[in-house]
1. When Lys and Arg each count +1 and Asp and Glu each count -1, what net charge do the other residues less than 12 Å away from A43, Cβ to Cβ, add up to?
2. Projecting each Cα onto the charge dipole of the stretch 75-155 (Lys/Arg +1, Asp/Glu -1 at the beta carbon, about the Cα centre), which of V91, V115, M138 comes out farthest on the positive side?
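Bear in mind these aren't lab numbers, they're just calculated from the coordinates by the rules spelled out. Quick caveat, the model's predicted, so the values are computed rather than measured. Glycine also receives a Cβ, built like all others from the backbone with ideal geometry; neighbour counts cover every protein chain displayed.
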Amino acid sequence: MGLIERAFNVVFGNDRNVLRDTVEVFHENTEARAARDVIVRRAALDQFGAEFIAPQRGLFDRLMDALNRLPRPGLALGTLGMFVAAMVDPVWFAARMQGIALVPEPLWWLLGAIVSFYFGARHQTKGQEYHARMAEAMTRVPQVVGAIRALEGSSPGAADTGRDAAAQQQAITPEANTALEDWRESGGREGR
C-alpha cells in the first residue's frame, strides 16, 4: 500500500499534477485558453467602447460649444437672406447697401481680422483635438495588434500552411459532397 501511495504522490502529489503539467507542455489547456480568450475579447470590447464615449462636460462648456456653432450658420443664412431681401424689396436693400458702402476701410480690415481669428482659432482648436485623439489612439495600437493576433491564433480550423503551395491549395479546395452532387444530377427536383 505504501508503494502505490508513494507512486501516486510522485505523479499527483504535493498539490501538483505532474502528468497534467507534462501534457500541457505539448498540448494547450483548452480551458485556460478559453479563459484567456474571454479576457482578450473583453479588453478589446472595452477599448472599442472607450473610443466612442465622450467625456462628460459641464453646462458652461456645452453652452460655449453651442454659441461657437452659431456664427457659421448665421453668416451663411445672413448671406442668403441678403439675396432674398434684394429680390423682395430692392429699394430697402439698396438703402442698406449704401450704408455699408459708407463703412471706412479700416473697419472692414478689423472685421476681417476678427472673423479670420475666430474661424482660424476654431479650426486650430478642432485640429488639435483631432490630433490629440489620434495620438491617444496610436498609443493603443500595440494592444490592438496583440488582441488581434491572439484572436487569430484561437480560431478553430486555422492551420498555418507556411510556404507549402500544395498544402495551401488543399486547404482551400472544398471536399467532395456526394449528396450534393446527386442532388445536382437529379436537377434539384427531389424533396420539393
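1. +2
2. Most positive-ward Cα: M138.
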